Amino acid sequence: MSRWLNDILCKDSLAKDDLVQLLSVNEGIETEAVLEHASRVRNTFTGKKIYVRGLIEFSNICKKNCLYCGVRGSNPFAERYELSKAQIIELAGAASVAGYTSLVLQSGERNDNAFARKVEEVVAKIKQASVGKTGITLSCGEQSEETYKRWFDAGAHRYLLRVESSGTRLYNKIHPSDGKHDHQVRINALESLKKIGYQVGTGVMIGLPFQKVEDMADDLVFMKSVEADMVGMGPYIEHYHTPLYPFTPLLKSPEERLRLSLLMIAVLRVYMKNINIASSTALDALDPNGRMKAVFAGANILMPNLTPADCREKYDIYKDKPVLREAEELIAKATGTFKKNGLELCMEEWGDSPAYKSRVHLPEANIRNNSALK
Ligand code: SAH
Ligand code: SF4
């Protein structure tokens, strides 16, 4: 590895200029060196276990209109679906039988009472049915502090809310200015979640039109400044029926977006050593092994998709969303590949974020007991 690159990677703390330099390395040897270094950092700081979360996309009904997203409320071509309470609880039960101890429940954004109540009841039922064994992460967009609190009290203990872009300039380019997409409101929501006691995850899309390497470095600085416990980020992938689609000619090639996404994960790992970093599903849309590659770039969370196949197709946030690789296939493949590389796929532990533990000064032993978080 070149001396200058090694020197930056081994610094105690990285300044924004360092992040820009790391995000600007050439493809090939330099990129590989950063990814390999990040993988070693992960092994040292969060360990060699790669934790699993079963992803259930329970509804694509959304009142928002993010300009990049295929299930935005005003896309007339999106076929809407919503799993019933009983269906979600049944899926969670089947997941538990299959060995999952962590689930992510994700949906489009709705703010009506019926939705808040449904999520609350589903969370409580899943906790009850699993005798507290199933750890629940929610990702249902911006909600009032009261709703977040109700869901937390029902038993959810992690929440994912990507800021999408940390800079207001870029955020406003990829969201409509209709009063429903306010950057500051989203940032405030992250603070509410933290105040309530959630382990908080955020993230961004990589390779967006108009996005510069400085914006990506700012995104990493933002993640550190909000003390994210977890991060999920992945490539932006265009979708025909979105207002951002006409900007497709501005995009980098899929290969380059994949490389940048892996590099961003790796640089984040070097920058925030003890957080949980998820390998996002969108990576598989660019490369059938995209999610596995992210693990070898420093990610430590894998999220097999447990949404029933007919609904998964309709949760169509970007084009070529991979529907092929089934959860069991991913688990089997990952188990073998990780073993060969000294890693272990771990389903039976929650694998909560070590960064969270140190943020709230929780002793190691308490973290797996959800009641200790309240
Ligand atoms: N509605 C919730 C959660 C579900 S959407 C929310 O928005 O927070 C989950 C994520 O999908 C979003 O955070 C966004 O980052 C990602 N997403 C949406 N459209 C995308 C696209 N075209 N390419 C890549 N990721 C996309
Ligand atoms: Fe809705 Fe989330 Fe898509 Fe925005 S990104 S339109 S909030 S599902």
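The values are calculated or read from the model by the stated rules, or taken from the named source; none is laboratory data. The structure presented is a predicted model; accordingly, all values stated were derived computationally and were not measured. Please note: Cβ atoms are built from the backbone with ideal geometry, for glycine as well, and neighbour counts cover all protein chains shown.
Observations
- Counting only residues that are within 16 Å of ligand 1 (Cβ to nearest atom) and either modelled with pLDDT of 90 or more or surrounded by 17 or more Cβ atoms within 10 Å (Cβ to Cβ) (or both), region 315-342 holds 6 of them.
- V34 being free of Cβ contacts under 8 Å to residues at least 24 places away in the same chain, among the β-branched types (V, I, T) and away from ligand 1 (no atom under 16 Å from the Cβ): no
- Considering residues of region 148-178 that are part of a loop (DSSP other than H, G, I, E, B) and farther than 18 Å from G108 by Cβ only, the residue farthest from ligand 2 (Cβ to nearest atom): G155
- Selection of first residues in region 145-169 that are over 23 Å from I277 (Cβ atoms) and without any contact (Cβ under 8 Å) to a residue 12 or more places away in the chain and of second residues that are among the aliphatic types (A, V, I, L, M) and within 16 Å of ligand 1 (Cβ to nearest atom), restricted to Cβ pairs under 6 Å at least 6 apart or on distinct chains, gives an empty result.
- Here the condition is being free of Cβ contacts under 8 Å to residues at least 24 places away in the same chain and among the polar types (S, T, N, Q); of S280, S261, S253, it holds for S253 alone.
- Options V221, V185, V231: the member that is away from ligand 1 (no atom under 11 Å from the Cβ) and either within 18 Å of G70 (Cβ to Cβ) or over 19 Å from the mean Cα position of the chain (by Cα) (or both): V185
- Residue among D215, D219 that is crowded, with 16+ Cβ neighbours inside 10 Å, assigned to a helix (DSSP H, G or I) and in contact with a helix residue (DSSP H, G or I) (Cβ under 7 Å, 6 or more places away or on another chain): D215
- Count of residues meeting criterion [of a type in the set (A, V, I, L, M, F, W, C) and within 16 Å of ligand 2 (Cβ to nearest atom)] in region 117-147: 3
- Residue pairs meeting the criteria (Cβ under 8 Å; at least 6 apart or on separate chains; first farther than 13 Å from A92 by Cα, in region 119-141; second of a type in the set (V, I, T) and part of a helix (DSSP H, G or I)): L138/V119; L138/V123; C140/V119
- Remark: H239 matches the filter, which requires a residue to be crowded, with 17+ Cβ neighbours inside 10 Å and over 30 Å from D153 (Cβ atoms).
- Residue pairs whose Cβ atoms lie under 7 Å apart, sitting 6 or more positions apart in sequence or on different chains, and linking a residue in region 43-63 that is more than 18 Å from L160 (Cβ to Cβ) and free of Cβ contacts under 8 Å to residues at least 60 places away in the same chain to a partner that is within 16 Å of ligand 2 (Cβ to nearest atom) and assigned to a strand (DSSP E or B), are I61/E82.
- Members of region 97-129 that are away from ligand 1 (no atom under 16 Å from the Cβ), within 12 Å of L306 (Cβ to Cβ) and buried (at least 18 other Cβ atoms within 10 Å of the Cβ): Y100, S102
- Matching entry among G47, G54 (being in contact with a strand residue (DSSP E or B) (Cβ under 6 Å, 6 or more places away or on another chain), surrounded by 15 or more Cβ atoms within 10 Å (Cβ to Cβ) and either under 30 Å from S139 (Cβ atoms) or of a type outside the set (D, E) (or both)): G54
- Among the residues of region 295-318, the one identified as touching a residue at least 12 places away in the same chain (Cβ under 8 Å), closer than 21 Å to Y236 by Cβ and more than 18 Å from the chain's Cα centre (by Cα) is K314.
- Matching residues, region 236-259, being within 23 Å of D18 (Cβ to Cβ) and within 16 Å of ligand 2 (Cβ to nearest atom): none
- Filter pass, D182 being in contact (Cβ under 8 Å) with a residue 12 or more places away in the chain, surrounded by fewer than 19 Cβ atoms within 10 Å (Cβ to Cβ) and under 30 Å from R117 (Cα atoms): no
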